[in-house]
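No value in this document is a laboratory result; all are computed from the given coordinates. Just so we're clear, the structure is a prediction, and the values are computed from it rather than from any experiment. All Cβ positions, glycine included, derive from the backbone under ideal geometry; neighbour counts span all protein chains shown.
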Amino acid sequence: WRDYAIDHLPGSAAFSIFRHTHETPLYVVEKQQRFPTEAPKFTLRDRNKILCKGNSMQEIVRYFNRLPRLITG
């Protein structure tokens, strides 16, 4: 990954991961919490598709560990 962006709106924050600066994000991790007493909800998106939802950031990070990897040999 070459670039990233952090966006903040009332009730949500997003961390976007880019391959190149001038492209759309490869992944967006979004945290939504409308009220301080409400438990946060996390979503991982791949452009327009929701890949994973969870109640903790740890659940979202685990998804990246399951992604296919290039095998050389």
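What shape does the chain take by its C-alpha gyration tensor, where a ≥ b ≥ c are the square roots of the eigenvalues and a/c under 1.5 counts as rounded, a/b above b/c as prolate, and the rest as oblate?
Judged from the Cα gyration tensor, the chain comes out oblate (a/c at least 1.5, b/c at or above a/b).
Restricting attention to the chain, which chymotrypsin sites (Phe, Trp or Tyr not before Pro) occupy a DSSP loop and are surrounded by at most 13 other Cβ atoms within 10 Å?
When the chymotrypsin sites (Phe, Trp or Tyr not before Pro) of the chain are filtered for loop state and at most 13 Cβ neighbours within 10 Å, W1 remain.
Could you check which residue among I17, I50, I60 shows the biggest mean-square fluctuation in a GNM of the chain with a 10 Å Cα cutoff?
Ranking I17, I50, I60 by mean-square fluctuation puts I50 first.
Please find, in a Gaussian network model of the chain (springs between Cα atoms separated by less than 10 Å), the residue of E38, E59, E30 whose mean-square fluctuation is greatest.
For the chain, modelled as a Gaussian network with Cα springs under 10 Å, the answer is E38.
Around K53, what is the net charge, scoring Lys/Arg as +1 and Asp/Glu as -1 over all other residues with Cβ under 9 Å from its Cβ? Each step should come with its number before you reach the end.
On the way: positive: K41; negative: E59.
Once positives and negatives cancel, what remains is 0.
Anyone know which of K31, K49, K41 comes out most mobile in the 10 Å Cα GNM of the chain?
K49
Roughly how large, in nm² to one decimal, is the mean projection of the convex hull of the alpha-carbon atoms in segment 33-73?
Values: hull surface 15.4 nm².
That works out to 3.9 nm², a quarter of the Cα hull's surface.
With a Förster radius of 30 Å, plug the Cβ-Cβ distance of Q32 and D3 into 1/(1 + (r/R0)^6) and report the FRET value to the nearest 0.05.
About 0.80, to the nearest 0.05.
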